[in-house]
Structures are given as structure tokens and as C-alpha cells.
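Each value in this text was obtained by applying a stated rule to the coordinates, not by laboratory testing. Computed from a predicted structure; not experimentally measured. Don't worry about glycine lacking a Cβ; one is built from the backbone with ideal geometry, like all the others, and counts go over all protein chains shown.
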Amino acid sequence: MKSGFVAVVGRTGVGKSTLVNEMVGTKVSITSKHRNTTRFAIRGILNDADSQIIFVDTPGFHKPQTRLGERLNSVASDYLSGVDCVLYVVDATESIGPGDSGLAAKLDRSAICVVNKVDRAKSNQVIERLVEVSKFEFSEYFPVSARTGQGVVELVDEVRTRLPDGPRYYPRDVVSDMEVTTRVAELVREQLLKKLKEELPHSVACQVTHWDGAYLCCDIYVERESQKPIVIGKNASVLKEVGSTVRSKLEEELSQSIYLDLRVKVNKEWQSNDRLIDRIGYGVGDN
């Protein structure tokens, strides 16, 4: 039996969450077009007959502007060591910048470099990225598309060869260890991200505050009064659509009716409020 933990690290926006979902074979992390979507270290678990791979989807490294940003970077840094394998992900459509190089310098040379989004990149761009990342002298390089699955099977096969002998840490039917209340809050945030303007996503946080039988209440935090009507939408159109989508997903997963109560609250500068960040659970790691 082979088993182990694999950290998936990289800058924001390189497609780490989509890659983890594809490797695990089901959705464990929310995704969006916005950067800094991932705010937790999320474990996605891939099981087969003789191995168990625990992929850890980490927040993207970035230049922090808030206390939350600092906390997210800290969580991601915690997983640069102490795991059995590191997947260092870069974007095939973008040149390697100082942020990529700075992160690469912190990694052991045994890391695997993953050049993602090859489906969106031109052939010459993929070649350019491979040439650029070759200077990091990592052990292996894999061009993949997390969106289409191109090259992902081969990547997972390579990861599996690097696992030590070990136990099955989770039951075979478990694909994530995320608490159900956290998952619900993340589903709400994911749907909001699809609806909100570019300036709003970083200002939104979600937290399940009450769950009793079929009744579920989720608070949505914004930083300014002017943001509240945008999140609610005209005639509550945004909340209605978000609530309907999330409720349908939950009822299918839980096989029960759900009454989802979404409440929008203003909490000024919550991204710099350690107490609220702790309560929601953002920027918390346990590696």
C-alpha cells in the first residue's frame, strides 16, 4: 500500500483548484475566474486498489494587501515542506515572473513542475514556458490541461511512484475532509463569484451560522454598505439565483429538502479582522 500527501502550490490564478479536482476525479475545491479564490488548504483524496494520494490545494501565493492575504500566504508556505511530494504549478499562457521565481527558489529540487493551461496556450507559448521553468532544475516537468484532462493521468502516475509505503489515512469512499458547513459556505461563495463585478470578489466572505434540520442560514459578509445591494441584486435577483443553485446541489447531495436562508451583512475591513478571519476559518492550516 502506497500513501502520502502532495502539496499543490503556485501563484494565484494558475489553475491549482481545477487541477486538484481533475486529479481526484470529482469537485472538491470551488473555482472561478477570479484570483485568490482558494482560502483554505483543501484536501482532495484519490483512492485506488493499492494507493491513496491526498492532494492539498493551497491558497495562491500573491503580494498581500490585507491581513487575510498574509494569512493565506502563510498557509501556503506551511505546505512547502513536510509533504511527500510538491506540485509546483505555472500558467502556460503567462511568462514566468518574479513571483514564480521567488516561490520556485523556496522549493526542493525534487518538486514536479506542472505547466498548466496548455489547451489555452499556443504551441510556442508552451515551449517558451518549458524553457523558462527548466532553469529551476526540478526533477520532472509536465505540460497539462487541468480543464480538459490532457496529461493529468501521466502526472498522477508519476506522483504515485513517489509515495512511500503507508496506511490508508481516509476511508476509500472519502474524497475530501472538508466539513459540510464549510463546503456549503464555499458553494455559496462560488455562485456569488460568478455573479459579482471584478472589484467585489475579494470583499465577500461566507459562513454558515445555523443549521437545524432542513433550515440552513448562511451569512454573507461585505465590507461596505454600497456593496450590499450589489450582492443582493435588484429585487433580490442575485440572492435568489445563488440560493436556488446551491439549494439544488445540497438537496441532491443530502437527499433531503433544504431551506437556505442567505443574509448579507456589512463588516467593515473584515479582511483585516483576525477574530472574524479565525471564526470563518480562512487562512488556517494544520500541516
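Rank these for me by crowding, K195, K33, going from fewest to most other beta carbons within 10 Å.
Details: K195 16, K33 10.
Going from sparsest to densest Cβ surroundings: K33, K195.
Normalised by the residues of the chain, what does the relative contact order come to in percent, with Cα pairs under 8 Å and at least six apart?
The normalised contact order for the chain reaches 21 percent.
GNM on the chain, C-alpha springs below 10 Å: top fluctuator among G233, G69, G13?
Looking only at G233, G69, G13, the biggest GNM fluctuation is shown by G233.
What aspartates and glutamates could a cross-link reach from K63, if we take a straight Cα to Cα line under 16 Å and drop same-chain neighbours fewer than 8 places away?
Answer for K63, where 16 Å is the Cα cut-off: D100, listed by chain and number.
Rg/Rh for region 180-280: what does it come to with C-alpha atoms and Rh from Kirkwood? Please report the intermediate quantities before stating the final value.
Values: Rg = 13.2 Å, Rh = 13.8 Å.
Rg/Rh for region 180-280 comes to 0.96.
With +1 on each Lys and Arg Cβ and -1 on each Asp and Glu Cβ, and nothing else charged, work out how big the dipole of the chain is about its Cα centre, in Debye to the nearest 20.
It comes to approximately 960 debye.
Cα centroids of region 247-286 and region 138-153: how far apart, whole angstrom?
Rounded to whole Å, the Cα centres lie 32 Å apart.
Rg/Rh for region 1-138 to two decimals, with Rh computed the Kirkwood way over all alpha-carbon pairs.
0.95
For V131 and S272, compute 0.36 nm times the residue count separating them, minus their Cα-Cα distance, and round to one decimal in nm.
Going from the current span to full extension adds 46.8 nm.
Taking neighbour counts of Cβ atoms within 10 Å as a proxy for exposure, in what order, fewest first, do C206, C113 appear? All intermediate terms of the calculation are to be shown ahead of the outcome.
Working: C206 21, C113 24.
By the 10 Å Cβ count, ascending: C206, C113.
I want the antiparallel fraction of DSSP beta bridges within region 2-161, as a percent rounded to 5.
25
In what sequence do R160, R11 fall when counting other Cβ within 10 Å, fewest first?
Working: R160 18, R11 21.
Result, fewest neighbours first: R160, R11.
Using Cα atoms only, what is the angle between the long axis of helix 123-134 and the major principal axis of the chain, expressed in degrees (0 to 90) to the nearest 10?
The two axes meet at around 70 degrees.
Using only Cα atoms, tell me the angle between helix 67-78 and the longest principal axis of the chain; keep it within 0 to 90° and round to the nearest 10.
30
Alpha carbons only, please: Rg and Dmax for the chain, in angstrom.
Cα only, the chain: 19.3, 57 Å (Rg, Dmax).
Identify which of Y170, Y88, Y221 has the largest mean-square fluctuation in a Gaussian network model of the chain, with springs joining Cα atoms closer than 10 Å.
Y170
In 10 Å bins starting at zero, report the fraction of Cα pairs in region 168-232 per bin as a rounded %.
Spelled out bin by bin, region 168-232 gives 18, 41, 27, 11, 3 percent.
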